[in-house]
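Participant: Pasting a structure below so you can have a look.
The values are calculated or read from the model by the stated rules, or taken from the named source; none is laboratory data. Here the structure is a predicted model, which is why all the values come from computation and not from measurement. No Cβ is skipped: glycine too gets one built from the backbone with ideal geometry, and neighbour counts run over all protein chains shown.
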Amino acid sequence: MTTIHLHNLIFHGYHGLYDGEDKTGNRFEVNLDVGYEVKKGGYDDIGNLINYVDLYNLVRKRMNTATPLLEQLADGIMRKIAREYKQVREIRISIFKLNVPIENFEGKLGISMSMNFDK
């Protein structure tokens, strides 16, 4: 199995439940790991692989769609990847909100989710 790692991706988005988050937005960090089986023909042709640029663009597009819950956002990204790439066996994603709207809060908060596909 081959795994693509896209880590420390930073996006500005309008995700959240609290007042004003849909107007001012926030900065988010995304970490994505996608494990998959390489198609017949191996590593000699990009057509046998999952292109990390395509994965990045998929995540970027979804991060541009406002979503109240980080869990819903992460689930949507994973399901889209699974639909687009049938050779995927495992997806792990973490999404962190970098400017948390909690008084006196320092740090970041986030969620992690994973999906495994036994095919």
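Participant: On the given criteria, is Asn31 of a type outside the set (A, V, I, L, M), surrounded by 13 or more Cβ atoms within 10 Å (Cβ to Cβ) and farther than 15 Å from Gly13 by Cα? Reasoning before the result, please.
Facilitator: Values: of a type outside the set (A, V, I, L, M): yes; surrounded by 13 or more Cβ atoms within 10 Å (Cβ to Cβ): yes; farther than 15 Å from Gly13 by Cα: yes.
Yes; evaluated as a whole, the condition is true for this residue.
Participant: Looking only at segment 1-30, filter to residues that are among the hydrophobic types (A, V, I, L, M, F, W, C) and in a loop (DSSP other than H, G, I, E, B); which one of those is nearest to Leu69 (Cα to Cα)? First the steps, then the outcome.
Facilitator: If we filter segment 1-30 for residues that are among the hydrophobic types (A, V, I, L, M, F, W, C), which is where we start, we get 1, 4, 6, 9-11, 17, 28, 30.
Subsequent filtering for residues that are in a loop (DSSP other than H, G, I, E, B) retains 1, 17.
On the way: Met1: 31, Leu17: 7 Å.
Filtering first and then ranking leaves Leu17.
Participant: Still on this structure, I have one more. Please determine whether any residue of segment 55-71 is surrounded by fewer than 15 Cβ atoms within 10 Å (Cβ to Cβ), over 24 Å from Val100 (Cα atoms), within 15 Å of the chain's Cα centre (by Cα) and modelled with pLDDT of 85 or more.
Facilitator: Step one: of segment 55-71, the residues surrounded by fewer than 15 Cβ atoms within 10 Å (Cβ to Cβ) are 57, 60-61, 64-66, 68-69, 71.
With over 24 Å from Val100 (Cα atoms) added as a condition, the list becomes 57.
Still in the list and also within 15 Å of the chain's Cα centre (by Cα): 57.
Subset that is modelled with pLDDT of 85 or more: 57.
Yes: one or more hits.
Participant: Somewhere in segment 31-41, is a residue over 22 Å from Ile111 (Cβ atoms), touching a strand residue (DSSP E or B) at 6+ places or on another chain (Cβ under 7 Å) and β-branched (Val, Ile, Thr)?
Facilitator: So the first thing to find is which residues in segment 31-41 are over 22 Å from Ile111 (Cβ atoms), and the list is 36-41.
Add one more test, that the residue is touching a strand residue (DSSP E or B) at 6+ places or on another chain (Cβ under 7 Å), and what stays is 36-38.
The next check asks that each one be β-branched (Val, Ile, Thr); those that pass are 38.
The answer is yes, given that some residue of segment 31-41 is over 22 Å from Ile111 (Cβ atoms), touching a strand residue (DSSP E or B) at 6+ places or on another chain (Cβ under 7 Å) and β-branched (Val, Ile, Thr).
Participant: Further question on the same structure: Hey, can you tell me all the residues within segment 101-110 that are in contact (Cβ under 8 Å) with a residue 24 or more places away in the chain and either out of contact with any strand residue (DSSP E or B) (no Cβ under 6 Å at 6 or more places or on another chain) or among the aromatic types (Phe, Trp, Tyr) (or both)?
Facilitator: Applying the first criterion (in contact (Cβ under 8 Å) with a residue 24 or more places away in the chain) to segment 101-110 yields 101, 108, 110.
Within segment 101-110, just Pro101 meets the criteria.
Participant: State whether one or more residues within segment 74-85 are in a loop (DSSP other than H, G, I, E, B) and surrounded by fewer than 16 Cβ atoms within 10 Å (Cβ to Cβ).
Facilitator: Of all residues in segment 74-85, those in a loop (DSSP other than H, G, I, E, B) come to 85.
Checking the rest, the ones that are also surrounded by fewer than 16 Cβ atoms within 10 Å (Cβ to Cβ) come to none.
Checked against the condition, which is being in a loop (DSSP other than H, G, I, E, B) and surrounded by fewer than 16 Cβ atoms within 10 Å (Cβ to Cβ), segment 74-85 yields no hits at all.
Participant: Also, I was wondering about something else. If the Cβ limit is 8 Å and pairs must be 6+ apart or interchain, which residue in segment 21-38 that is on the phi > 0 side of the Ramachandran plot pairs with which residue that is part of a strand (DSSP E or B)?
Facilitator: Gly25/His12; Gly25/Gly13
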